[in-house]
Amino acid sequence: MVSGYSKAILEIGFGNGENTSYLAEKNPEALIVASEVYRSGIGSLLASIAKHSFQNIKIFDDDIRELLLGLAQPIFHEIYIICPDPWPKARHHKRRLVDSNFLNALHQVMHPNGTIYISTDWENYAEFIDEESQKLNAKFSTAKISNEGMPITRFQHRAIREGRNIKTFLLTSLKK
Ligand SMILES: C[S@@+](CC[C@H](N)C(=O)[O-])C[C@H]1O[C@@H](n2cnc3c(N)ncnc32)[C@H](O)[C@@H]1O
């Protein structure tokens, strides 16, 4: 448990921070760790923090893998990854952030029964996430869920405009 907070939530690649602000408002007792490298997006989230006087968001402005490497214990109860960069061309698939190695690294920093919410608007990334999470079926149970009730992010708006469907997964961390 992170001292002073009811739970810790991580958002990876928050973009302009629409979902981060939603999480901060919905969970005022929780610590929200928000990771992004895109400067203009960080500026948007800072503006939202100032506007709403959020006290519970901490921004990590570097590659999330650097943060994960430095954590030696379970910290997070919930993790959100919305529209990870798709790398749609087959020859670029190895650049995709969400693969079994990355999910395994997330598992190390999660409490048992913690959840990873992953949404993608690319059909072949959804298939890839499904396959990669099945490789870890001793560590996670995986369900396909609806994203109803969640805010629509900038990249999701673009996907909807361009006629792509949003596919969402909820991975639940099994006991270690
Ligand atoms: C396609 S955008 C989606 C942004 C936002 N979640 C949305 O739905 O609008 C993916 C974001 O992930 C960020 N990103 C990619 N790799 C990252 C990493 N290793 N650590 C932190 N952020 C990363 C990128 O900078 C980019 O803003």
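Coordinate-derived values only; no laboratory data. Since the structure is predicted, the reported quantities are computational estimates derived from the model, not experimental observations. A quick note on method: Cβ atoms are made from the backbone with ideal geometry, for glycine too, and the neighbour counts reach across all protein chains shown.
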**OP:** Express in nm, to one decimal, how much length is gained between residue 92 and residue 69 on full extension, taking 0.36 nm for each residue of separation and deducting their alpha carbon distance.
**Re:** 5.9 nm
Subject >> Residues with amide H under 5 Å from that of residue 5, placed H, sequence gap 5 or more >> reply: none
**OP:** Would you please give the residues with an amide H less than 5 Å from that of residue 76, counting only those at least 5 places away or on a separate chain, with H modeled from the backbone geometry?
**Re:** 110, 111
Original post:
Say each of residue 131 and residue 162 gets a label point 7 Å from the Cα, pointing the same way as Cα to Cβ; how far apart are those two points in nm?
Top reply: 2.2 nm
Subject >> Relative contact order (%) - criterion: Cα under 8 Å, at least six apart; region: the chain >> reply: 22 percent
Subject >> Partners for residue 144 among lysines (Cα-Cα distance below 28 Å; same-chain residues under 8 apart left out) >> reply: 7, 26, 89, 94, 135, 167, 175, 176
Original post:
In whole Å and largest first, what semi-axes does the C-alpha gyration tensor of the chain yield when each eigenvalue is scaled by 5 and square-rooted?
Top reply: 23, 21, 15
Subject >> Summed residue charge, Cβ within 13 Å of residue 39's Cβ, Lys/Arg positive, Asp/Glu negative >> reply: -3
**OP:** Rounded to whole Hz and in sequence order, give me ³J(HN,Hα) for segment 41-58 from the Karplus expression 6.51 cos²θ - 1.76 cosθ + 1.60, θ = phi - 60°, writing x for Gly and Pro.
**Re:** x, 4, x, 4, 5, 4, 5, 5, 4, 5, 4, 9, 6, 5, 10, 10, 10, 10
Original post:
Taking R0 as 25 Å, what's the FRET efficiency between residue 55 and residue 124 from their Cβ-Cβ distance, rounded to 0.05?
Top reply: 0.05
